[in-house]
Amino acid sequence: MTSKLDLDPAAVRAARRLAERAGAPIVDLARRHTTVAVERATLRLAGLTGADSDGIPWVNRLLDCVRADLAEDGGLQHGAALPVWDALRREGIEDLSTLAQKASAGSVRFRLPEGADADVARAASRRQVGAGVAALDARRAERERFVSEVGDAPATPWIYLIVATGDIHEDIPQAQAAARAGADVIAVIRSTGQSLLDYVPEGATREGFAGTYATQENFRLMRAALDESSRELGRYIRLTNYASGLCMPEIAVLAGLERLDMMLNDSMYGILFRDINPVRTFVDQRLSRQIHARAGIIINTGEDNYLTTADAVEAAHTVTTSQLLNEYFAKEAGLADWQLGLGHAFEIDPDVPDSFRMELAHALLARELFPDAPLKWMPPTRHMTGDVFRGNLLDGFFNLAGALTGQGILLVGMMTEAVVTPWLSDRDLALQNVRYVMNAAGRLHEDFHPSPGGFIHERARQVLGESTALLERIIEHPDGLLDAIADGTFGLMKRPADAGRGLDGVAEKSDLYYNPASDILEAP
Amino acid sequence: MSIVRPYGDTTGDGMVQLSFTLPVPHSKVAEGAAAQLAGKMGMDPALVVHARPMGPDFTFFVVYGRVHHLVDTDQVEVVERDYPLLTPKEVNAAVKERLRRRLVVVGGCIGTDAHTVGIDAILNIKGFAGEKGLEYYRELKVVNLGAQVSVPHLVERARAEEADAVLVSQVVTQRDTHLLNTREMAAAFREAYPEHRRPLLVVGGPRFDETMAGELGVDRVFARGTTPGEVASFLVARLTGQEAS
């Protein structure tokens, strides 16, 4: 797509440099810390699965034992790998789940190995976690083979539809019906509140609150069902879930192992909207993104949330700022441009004059700032009132804006947003809406050239300018982005670095810290 | 005039529109079935103006038709809320104007209950049912203590924060724990505060009965489906109303 906004390349470079300056200290912070979720993700990569009779996963049980035994000696600071693989060798235990069970029963004690013992433990952990990373590679290769075998989604934007019954066995037929009706991507909404659980539930689940729990078994069941649909329909149907909340990196591992294709994975959403500790979030996020990068998973960021809580005109620049930060963190973690489903949304009050022109300006700005990223285009929710007829019209304009600005992933808007969870007929009408717009105007972007100096050009320039100014303000804070998050620069939430959920699961790494997953994933 | 009927384009024509889906493949029989349903619903004549297959097993219909029912607006009964439902903007304005400081809300799940779904739906900015949580309200200061908060700790934090209201969510109901916990909490607050200084006590959860407030010793019980806006409106009505009088 040729440039339609004539953005000043120097201004774009400056904005990216500012995002890098704001983000670099956070990356440094993330390198210096570990979390319980990072260590548990490592154990999952090493193959530890399952849960005890109370449903608490063995990765949690094992890590809790390691932490408790090393409480006097730094606890989490050295990571789980050295004590765990040292104990395996000393006890002559073959597998991690036996170790976890024995440790929970109190019959194994952990220590921090030194010298040659540490070397042996390090090498053994690296071998075992390496096998897990190889499994991620294998699933990625499998996806590539599958796509070339059955064919990819026929056109962009990819049509993204949601299912959310709470019961995986109800979700499956709904997802297959949505795929038949034209969806290229199925997202299974998670149960409300899963983001605040400090463990990943186990097994197939049949009850959730307004969504279905993200579990490895649910992932496996849905992926298998969509593989069946992909073969039936002759196009690969992608599956999406959420790597967010307190178990971000663990869920990323499960997604990689079960060949999920896209994951919601925002850098700041958990902090701002779920009150999760900022350090916890940034540390967890970095490993989760390294895993996504390796597994060939496309991430979806959550900028739409900024617009559902603040005015979409006034807060337009916060979306751009967040996109720039998300891009920086993503690339630092090894994600490629094609994996960056940066988010934005059609949320301007339709009663505001020129609202559609502004939407086009904002959407084009995102398109031109991130020309090689797929971009996730989110439908109106805030101004969906229950008037389903007006809602259908708004969704039509949303689809048109998506077509005109080359969005990569289109989350299909439902006219019954804010009324009911989508009915069969709602989904069908919504897809008719998309098909009509794409058929009638899908290539209109070829003729669409906003005039230089006109409203759309000026609005895009203004938003980029405001975004740059916001990044400058962030950098001016003594402790940069962390301070800015603490004083409420983003959204309305003040989130200090020493508060929030999951803080007790964060530790500064010791000099002896070793994590085979980071070691392998960060290898050049 | 208290007797009315629907209006299409002429007074008294009784015209309505209706859409629905039947789990039947599209056919003449399906269209007949749609007309039959509309007829049984009281539309006469019923005109099936649109029928469209949705996949092999379902058909979507739009039906227009006349109904002969009369409604008497004098006989409409409305369940009156004892507080007006306010928008976030109105809540903020009322607090600012009448309280002249931020209204402090302390919330959490008490006892062994680890289900923060309810309290988070009300307090987290993310909110519930399309409404933002109380954190979103500029004039409300929200302290969410999370799960498994002990009653003494809750009282202590309420004191330290000078809470105007305490919100407690209870999901687990085994052996009526939600009721026992609530009574224990209410008693603790009564003991710790002089009667007229006590914060407003609000409990909520899917298995509570809204009529039980008095029996439990709290000021309000909210049941399943309560939205943050309802809670905020209630707090404003009770707390700013009192100070104004």
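Per residue, the average separation of C-alpha pairs within less than 8 Å and at least 6 apart gives the range B:3-73 a relative contact order of 41 percent.
Quick one: go through the range A:262-281 and flag any residue whose amide nitrogen is under 13 Å from the point 7 Å out along the Cα-to-Cβ line of A:D479. In the range A:262-281, the label zone of A:D479 (backbone N under 13 Å from the point 7 Å along Cα→Cβ) covers A:278-280. Hey, which lysines would be in cross-link range of B:K28, C-alpha to C-alpha under 25 Å, not counting anything within fewer than 8 residues on its own chain? Partners found: B:K40.
The mean count of C-beta atoms from other chains within 10 Å of the C-beta of residues in A:417-426, rounded to a whole number, is 3. Ordering A:D184, A:D54, B:D44 from the fewest to the most neighbouring beta carbons within 10 Å gives A:D54, B:D44, A:D184. Between A:D311 and A:R109, the distance separating the two model label sites (each 7 Å from Cα on the Cα→Cβ line) works out to 6.5 nm.
Ranking of A:V319, A:V420 by neighbouring Cβ atoms within 10 Å, starting from the fewest: A:V420, A:V319. From the phi of every residue in the range B:26-42, what ³J(HN,Hα) in whole Hz does the Karplus formula 6.51 cos²θ - 1.76 cosθ + 1.60 yield, where θ is phi - 60° and glycine or proline is x? Values, residue by residue: 5, 6, 5, 4, 4, 5, x, 5, 5, 5, 5, 4, 4, x, 5, 7, x Hz. From its DSSP helices (H runs of at least four residues, each -39,500 (n - 2.57)), chain A gives a residue-normalised ellipticity at 222 nm of -17000 deg cm²/dmol. Take the Cα of B:L85, go 7 Å toward its beta carbon, and the backbone nitrogen atoms of the range A:412-429 under 16 Å from that spot belong to A:418-420.
Distant-in-sequence amide contacts of A:H33, defined by a placed amide H-H separation under 5 Å and a gap of 5 or more residues or a different chain, comprise A:K509.
For B:G127, the residues whose modelled amide H falls within less than 5 Å of its own, excluding neighbours fewer than 5 places apart on the same chain, are B:G133.
Cross-link reach is defined here as a Cα-Cα straight distance under 18 Å, omitting same-chain residues fewer than 8 places apart; for A:K102 the aspartates and glutamates meeting it are A:D52, A:D54, A:D64, A:D69, A:D86, A:E91, A:E94. Percent of Cα pairs in the protein assembly as shown per distance bin of 10 Å, from zero to the largest separation: 3, 12, 21, 24, 21, 13, 5, 1, 0, 0.
Given their separation in residues at 0.36 nm each and the Cα-Cα distance between them, B:A223 and B:Y7 gain 74.1 nm when the chain is fully extended. Note on B:E195 and B:E97: the model spin-label points, each 7 Å out from Cα along the C-beta direction, lie 3.2 nm apart. Charge tally around A:G408: other residues with Cβ under 14 Å, Lys/Arg +1 each, Asp/Glu -1 each, net -3. Shown for chain A are the DSSP H helices of 27 Å or more along their axis, judged by Cα atoms, with a mean Kyte-Doolittle hydropathy of at least -0.5: A:9-32, A:115-150, A:455-476.
Let a ≥ b ≥ c be the square roots of the eigenvalues of the Cα gyration tensor of the range B:95-142; is it rounded (a/c under 1.5), or, if not, prolate (a/b larger than b/c) or oblate? Oblate, because a/c is 1.5 or more while a/b does not exceed b/c.
Distance between the 7 Å Cα→Cβ label points at A:N439 and B:L180: 6.3 nm.
Taking a ≥ b ≥ c as the square roots of the eigenvalues of the alpha carbon gyration tensor, the range A:35-130 is rounded, as a/c is under 1.5.
Which entries in the list B:K96/B:K132; A:K494/B:K89; A:K494/B:K132; A:K4/B:K132; A:K4/A:K494 go over 27 Å, if you measure between the two C-alpha atoms of each? Violating the 27 Å Cα-Cα cut-off are A:K4/B:K132; A:K4/A:K494. As a size descriptor, the averaged projected area of the C-alpha convex hull of the range B:56-102 was calculated at 9.1 nm². This model, with +1 at the C-beta of Lys and Arg and -1 at the C-beta of Asp and Glu, gives the protein assembly as shown a dipole about its Cα centre of some 620 debye.
Which whole-number percent gives the relative contact order of chain A, counting Cα pairs below 8 Å spaced six or more residues apart? Contact order relative to length: 19 percent. Dipole size of the range A:149-455 about its Cα centre, with +1 on Lys/Arg Cβ and -1 on Asp/Glu Cβ: approximately 460 debye, rounded to the nearest 20.
Here the calculated FRET efficiency for A:R145 and A:R390, from their Cβ-Cβ distance with R0 = 60 Å, stands at 0.85, rounded to the nearest 0.05.
Per residue, the Cα convex hull of the range B:88-244 amounts to 97 Å³. Along the axis of the charge dipole computed for the range A:35-130 (Cβ charges of +1 for Lys and Arg, -1 for Asp and Glu, origin at the Cα centre), the listed residues A:S125, A:A71, A:P57 are led at the positive end by A:S125. Taking the number of Cβ atoms within 10 Å of each Cβ as an exposure proxy, the fewest-first ranking of B:S19, A:S97, A:S107, B:S233 is A:S107, B:S19, A:S97, B:S233. For the range B:88-244, the dipole from Cβ point charges (+1 on Lys and Arg, -1 on Asp and Glu) about the Cα centre works out to 400 debye, to the nearest 20.
We did not get these values from a lab; they are worked out from the coordinates using the rules stated. All values derive from a computational prediction rather than experimental measurement. Cβ: placed from backbone, ideal geometry, glycine included. Neighbour counts: every protein chain shown.
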